[in-house]
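S.K.: There's a structure below that I have some questions on.
The values are calculated or read from the model by the stated rules, or taken from the named source; none is laboratory data. This structure is a prediction, so every number in the text was calculated from the model and none was measured. Using ideal geometry, Cβ is built from the backbone for each residue, glycine included, and neighbour counts are taken over all protein chains shown. Note: accessible area is taken over every heavy atom of the protein model, side chains too, but ligands, DNA and RNA are not part of it. Shrake-Rupley method; radii C 1.70, N 1.55, O 1.52, S 1.80 Å.
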Amino acid sequence: MDNRSSAPSRDSSELQQENERLRDALRRMERILEISRELTGLMALEPLLHRIVSLGAELTDSESASILLLDKRTGELRFRAASSDVGNQLSDIPVPVEGSIAGAVLRSGEPAVIADVRRDRRHYSAVGTQIGFETRSLLAVPMKILQHPVGVLEAVNKRGSGGFTAEDVEVLTALAAQAAVAIENARLVEELRAAYEQLGQLDRLKSDVIAIASHELRTPLSLILGYSALLRERLDDQTGPQLDVVLRAAMRLRQIIDTMINLRYLETGEVELACTPFDLREEVKAACEGYRSLAEANGVHLQMQVPASPVILCADRDKVRLVLDNLLSNAVKFTPWDGRVQVTVTQRRNQAQIAVADTGIGIPQEQLERIFQPFEQVEEHMKRRYGGVGLGLSVVKGLVEQHGGRVWAESVQGRGSRFVVVLPLGEVEAR
Ligand code: ADP
């Protein structure tokens, strides 16, 4: 009778223990899940590392926890964070992969539980001596990303009388897995941020170089142009043409500098529009006349089609001319001998449309938007057959948008291109 009654009572206490164990395991899993969510939200590396080590110490009931990350350049492990007061002193101390417990864990990919490190000959005691911290017991687990070792998470000096348990190994391993992913993400975010920062610096540098170069070049160039023009008047027909070459080169240079200055003003928002009403047809005619001799010299037929009645635009006349000049200059430049450039003006309700179409080399489809960015050219710089610095279209885009208009390019490669500008007819508000 006694025997029968004692057997079920032992079973039920075992069951109770098993239940308790399962409940504990469930609690730990829930905590890990909670931690995983928390770590995913931490994007800055330093706070993330500190949170991981404080969780490591808390979950394993240890005096301290630390993270060592593999330095890919040197192949060494380096302390990156520790939960106790020694954290700052540990920062960046290297630990050799050969001849340390952390190194052995990194290489084997397996956790290590050491009841007394002083008896373990792999223990790298130099760090403890350096910072005055005594390590007694140690639990070290590897941190991996897709099976690649990236570091080691350590819990040091288990509190109380017992050593590290199987549950401690389980929970620290789970934390290390979450931590490795979170650290990798934070590193990527930091790298991306640094790259953006660098890009921003380069962009500022580019703007400064343009600003300084353009303003510093302008004054001496004005002198060259002024004195060359004066000299040209005095020279005879024999030596005059030689100076014409100088004059044309200097004028081309001034055009480039003016484009650079315009671009800079557009980028800094310093462009001021002086809007007046004028007949767009007249400006288009004048621009076409300006390019007629160059077109003829290149064997390009330049044609123009405008409405019979005036197209009155309220806009900055000089800036509209600059837009036309840039588009015409490109159309003539990129069209081979015997090709055609056609400028068409149309008016639709409250908008004027200017289309500059050519039968030139065309533009690949994937470059149609990119060419409106500064310094973007379809041809590689080293293999260029056509002149130009790649700023004209970005100035065109900036000026058109400043007027509240749009510009885009259409093209069939090898057959020709068509640039379309749409401008509102009415008064533009200051932007
Ligand atoms: P640039 O003409 O000084 O190089 P742009 O900003 O005016 O600079 O033009 C950028 C690039 O767009 C040109 O280098 C050229 O590759 C392409 N492009 C512009 N207009 C045409 C066109 N009409 N036909 C073919 N390609 C063109």
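S.K.: Could you calculate the contour length gain from Leu221 to Trp337, that is, 0.36 nm times the residue separation minus the distance between their Cα atoms, to one decimal place in nm?
M.R.: Full extension from Leu221 to Trp337 adds 38.5 nm.
S.K.: Any chance you could run the full-extension gain for Asp11 through Val245? It's 0.36 nm times the residue separation minus the Cα-Cα distance, nm to one decimal. Don't skip to the end; give the middle numbers.
M.R.: On the way: separation 234, 0.36 × 234 = 84.24 nm, distance 10.77 nm.
Separation in residues times 0.36 nm, less the Cα-Cα distance, equals 73.5 nm.
S.K.: Let me ask something else about it. For region 226-307, what does the equivalent ellipsoid look like in terms of its semi-axes, each the square root of 5 times an eigenvalue of the Cα gyration tensor, given largest first in whole Å? Can you show the working numbers first?
M.R.: Numbers: eigenvalues 174, 103, 33 Å².
Semi-axes (√(5λ), whole Å): 29, 23, 13.
S.K.: Enumerate by residue number the GluC sites (Glu not before Pro) in region 235-302 meeting two conditions: DSSP loop (anything except H, G, I, E, B), and at most 15 other Cβ atoms within 10 Å of the site's Cβ.
M.R.: Qualifying residues, ordered by number: Glu270, Glu272.
S.K.: Here's another thing I want to ask about it. Let me see the P(r) profile for region 276-424: every Cα-Cα distance counted, bins of 10 Å, each bin given as a percent of all pairs.
M.R.: Values per bin, smallest distances first: 11, 43, 36, 9, 1.
S.K.: Cross-link candidates for Lys72: which lysines have Cα within less than 23 Å, leaving aside residues fewer than 8 places away along the same chain?
M.R.: Lys144
S.K.: Turning to a different aspect of this structure: Helix 45-60 versus the longest principal axis of the chain: what angle, 0 to 90°, nearest 10, using Cα atoms?
M.R.: Tilt relative to the chain: about 10 degrees.
S.K.: A 31 angstrom limit on the alpha carbon distance is what I want to check against. Which of Lys333/Lys397; Lys285/Lys397; Lys206/Lys285 exceed it? Can you show the working numbers first?
M.R.: Values: Lys333/Lys397 19 Å; Lys285/Lys397 21 Å; Lys206/Lys285 36 Å.
Beyond 31 Å: Lys206/Lys285.
S.K.: Return the sequence-ordered ³J(HN,Hα) values of region 156-173 in whole Hz as given by the Karplus equation 6.51 cos²θ - 1.76 cosθ + 1.60 applied to θ = phi - 60°, using x for Gly and Pro.
M.R.: Each residue of region 156-173 in turn: 10, 6, 4, 6, x, 8, x, x, 5, 9, 4, 5, 4, 4, 4, 6, 5, 5 Hz.
S.K.: How long is the gain from Arg292 to Gln238 if the chain were fully straight, where each residue apart is worth 0.36 nm and the alpha carbon distance is subtracted?
M.R.: 16.8 nm
S.K.: While we're on this one: Using a probe radius of 1.4 Å on heavy atoms only, what accessible surface per residue do you get for the chain? Whole Å² is fine. Please report the intermediate quantities before stating the final value.
M.R.: Numbers: 24810 Å² over 431 residues.
It amounts to 58 Å² per residue over the chain.
S.K.: On to the next question. Loop-only chymotrypsin sites (Phe, Trp or Tyr not before Pro) in region 222-282, please: DSSP not H, G, I, E or B, and at most 14 other Cβ atoms within 10 Å.
M.R.: On the way: sites: Tyr227, Tyr265, Phe278; in loops: none.
Nothing satisfies the criteria.
S.K.: Assuming R0 = 30 Å, what is the FRET efficiency of Val189 and Glu379, from their Cβ-Cβ distance, to the nearest 0.05?
M.R.: 0.25
S.K.: Enter the Cα centre distance for the pair region 256-280 and region 346-417, rounded to the nearest angstrom.
M.R.: Each part's Cα centre sits 18 Å from the other's.
S.K.: Starting from the Kirkwood Rh over alpha-carbon pairs, what translational D in µm² s⁻¹ does the chain have by Stokes-Einstein at 25 °C and 0.890 mPa s?
M.R.: Working: Rh = 28.6 Å.
It comes out at roughly 86 µm²/s.
S.K.: Continuing with this model, one more query. Hand me the trypsin sites (Lys or Arg not before Pro) from region 261-362 located in a DSSP loop with no more than 15 other Cβ atoms within 10 Å, in residue order please.
M.R.: Arg349
S.K.: Taking each pair of different alpha-carbon atoms in region 68-163 once, compute 1/r for the pair, average those values, and report the inverse of that mean as the Kirkwood hydrodynamic radius in Å to one decimal.
M.R.: Result for region 68-163, one decimal place: 13.5 Å.
S.K.: What Rg and what Dmax come out for region 26-192 when only alpha-carbon atoms are used, in angstroms?
M.R.: Answer for region 26-192, Rg first and Dmax second: 14.6, 47 Å.
S.K.: Give the dimensionless ratio obtained when the Cα radius of gyration of region 163-242 is divided by 2.2 N^0.38 Å.
M.R.: Ratio of Rg to 2.2 N^0.38 Å for region 163-242: 2.82.
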